[in-house]
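Since the structure comes first, as structure tokens, the remarks are kept for the end.
The values are calculated or read from the model by the stated rules, or taken from the named source; none is laboratory data. The model shown is predicted, which means the values in this text are computed figures rather than measured ones. Here the Cβ is made from the backbone with ideal geometry for all residues, glycine too, and neighbour counts use every protein chain on show. All accessible areas refer to the heavy atoms of the entire protein, side chains included, with ligands and DNA or RNA removed. Shrake-Rupley method; radii C 1.70, N 1.55, O 1.52, S 1.80 Å.
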Amino acid sequence: MKYISKKIIVTVIIFSLSALLLTISSFAWYRSQRVLPIILENGEFDVVLKVDFDGLEVGLNSPYYDNQKKIIIIDGGDSSAPNYIGKLNISVEVTSSIASRFRLRLQDEWQLFRHYYQSNTTVSSVIYHERTPEGPIDNPFIVDSGFSYLSDNNGYIYYDNILIPNVAYEFKIIDRGTRYNVRETDNYYEECIVHLDFYFDIVQANRFSERWQISETFFN
């Protein structure tokens, strides 16, 4: 495909709570309809995003992916569940034909379901799971110790180096999350379900300040 202007930015929005549409502009803005692994090619950036639960890959036919809402479904409380948050891994493979920088953001919604035995009813509520000492950003997902990053007050995680052109990089970014302490009594038991979407942005290295509206000295 030929492009009439130089591509400046690729934005990949994975598992968005809104409909995911494929769009191409002069700045090569993508919203992909495909789920993992995501592979995007525009001549300047190739990106593959992967999610798994200790090797159990999440894909279109996975019971842990909602095809309508385009979100990953995670069990936030039951350590025996295949999709338990403590088994979550998120990685990215990226190759760029120009010097680039990238950032990402996780958006999560936590729901607590309380199931009552006697009445056979369920009450649900949206909850907030506090960050833990392990969590470097304002959510309970743990950034892998091997990933070099900076963060900001808006929940973005920035890779703190420049991607060299035509070098294939692979980063493990998220290495599990922290659980919510569900309860079980004689009257009820609780279940915690997390809905997750994942934002990934990559920009030409010398235009990060303009595109991301952050200080030119952010990485200094």
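Listed values, structure above:
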{"read-out": "Residue check, residue 150 under 16 Å from residue 47 (Cβ atoms), at pLDDT 90 or above and open to solvent by less than 90 Å² (accessible area, probe 1.4 Å)", "value": "no"}
{"read-out": "Residue list for segment 58-72, restricted to those being modelled with pLDDT of 85 or more and either open to solvent by less than 90 Å² (accessible area, probe 1.4 Å) or closer than 16 Å to residue 91 by Cβ (or both)", "value": "58, 62, 64, 65, 66, 71, 72"}
{"read-out": "Sole exception among (1) modelled with pLDDT under 95; (2) part of a strand (DSSP E or B); (3) aromatic (Phe, Trp, Tyr) for residue 189, by number", "value": "(1)"}
{"read-out": "Extreme residue, farthest from the chain's Cα centre (by Cα), among residues of segment 103-144 that are modelled with pLDDT under 90 and open to solvent by 70 Å² or more (accessible area, probe 1.4 Å)", "value": "133"}
{"read-out": "Flag if residue 164 is touching a strand residue (DSSP E or B) at 6+ places or on another chain (Cβ under 7 Å) and in contact (Cβ under 8 Å) with a residue 40 or more places away in the chain", "value": "no"}
{"read-out": "Hits in segment 159-173 (condition: over 12 Å from residue 148 (Cα atoms) and surrounded by 17 or more Cβ atoms within 10 Å (Cβ to Cβ))", "value": "163"}
{"read-out": "Residue count, segment 200-220 (criterion: under 30 Å from residue 67 (Cα atoms) and either modelled with pLDDT of 90 or more or surrounded by fewer than 18 Cβ atoms within 10 Å (Cβ to Cβ) (or both))", "value": "1"}
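Rundown of residues vs (1) at pLDDT 80 or above; (2) buried (at least 21 other Cβ atoms within 10 Å of the Cβ), yes/no style:
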position	(1), (2)
34	no, no
41	no, no
49	no, yes
75	yes, yes
85	yes, yes
